[in-house]
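Some notes on the structure that comes next.
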Amino acid sequence: MNLWVEGMILKVRTTAGKGWLATTGRCLTALGMVLVAIYVGASIHRAVSSRSALREFDKAQLLVRPEFRKAPVSLEANQEVDFSLWSKARLAAYRASQETKKGSPLAVLRFERLKIRVPVFEGTDDWTLNRGAGWIAGTTRPGEAGNIGIAGHRDSFFRILKDIRNGDVMELISAARTATYTVSRVEIVDPDDVSVLQPRREPSLTLVTCYPFYFVGPAPRRFIVHAALSKQAAREALAN
């Protein structure tokens with residue numbers, strides 16, 4: 001009798017164990033499907049929202065003066081963004097940022113060779129940098145003469161800066177003018193080294209992102225791109 005009871009108990013335990021494993025497996029499968037759906041949704045949402053911000057900027061440029069519609073600078077609002085280098089966490093963060101942050105960008109930064117076209121917003125808080133690049137307060141504003149500081153996340157738009165080199169050309173397009181800059185130097189500094197953002201005699205552009213690009217956790221250094229103004233044209237001149 002005791003052997004029979006023990007056998008029944010073992011059978012019940014075995015059945016219960018299998019049932020628990022099956023339930024756990026189904027839950028993990030469902031969780032995996034939800035995470036995949038969130039990742040795909042965040043990717044799509046980020047792409048749509050980035051194009052929306054660029055579209056707002058393009059519209060604002062056309063409103064400055066009607067004749068600017070003839071400007072040769074191409075600002076296609078539906079240009080696709082390459083998200084292949086972006087981290088999953090940054091894609092998800094972008095989706096959350098859309099619920100609280102709105103507004104048109106101050107400018108658009110464009111690298112033809114690296115295929116970057118990113119809206120530049122005011123400020124450098126996490127919510128802003130989840131949407132695009134951010135103008136660093138205290139530096140010269142886009143469209144004005146001086147050292148313009150722009151920051152971006154190393155695991156989103158600015159990760160491609162790992163491939164930048166001296167002599168590369170980039171454009172900073174504001175409502176008033178298009179300025180062309182040539183990369184003169186790249187350096188890696190400590191986070192507290194703010195000398196890279198100091199005013200300069202010559203009009204310049206400084207890009208800042210964290211480094212190393214694929215570091216796990218808070219990155220210990222800063223990757224700095226220095227570029228000098230090589231050409232500038234007012235939007236009115238471009239339109240004529």
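Any read-out appearing in this document is the output of simple, stated calculations on the displayed coordinates, not a laboratory observation. If you're wondering where the values come from, they're calculated on a predicted model, not measured in any experiment. So basically every Cβ, Gly included, is an ideal-geometry build from the backbone, and we count neighbours across all protein chains shown.
Which net charge results when you count Lys and Arg as +1 and Asp and Glu as -1 among the other residues whose beta-carbon is under 14 Å from that of residue 137?
Result for the neighbourhood of residue 137: -2.
Under the rule of at least 5 residues apart or a separate chain, name every residue whose amide H is placed under 5 Å from the amide H of residue 147.
Sorted by chain and number, the residues that satisfy this are 140, 200, 204.
Could you give each residue of the range 220-228 its phi-based ³J(HN,Hα) in whole Hz, using Karplus coefficients 6.51, -1.76, 1.60 with θ = phi - 60°, and x for Gly or Pro?
Along the range 220-228, the couplings run x, 10, 10, 9, 10, 10, 9, 9, 9 Hz.
Can you give the three extents of the C-alpha atoms in the range 166-240 along their principal axes, from longest to shortest, in whole Å?
50, 26, 22
Report P(r) for the range 127-177: all Cα-Cα distances, bin width 10 Å, range 0 to the bin holding the largest distance, values in whole percent.
Pairs per bin, as whole percents: 21, 48, 31, 0.
Whole-Hz Karplus ³J(HN,Hα) for the range 146-154, in order, using 6.51 cos²θ - 1.76 cosθ + 1.60 and θ = phi - 60°, x for Gly and Pro?
Each residue of the range 146-154 in turn: x, 9, 8, x, 10, 10, x, 6, 6 Hz.
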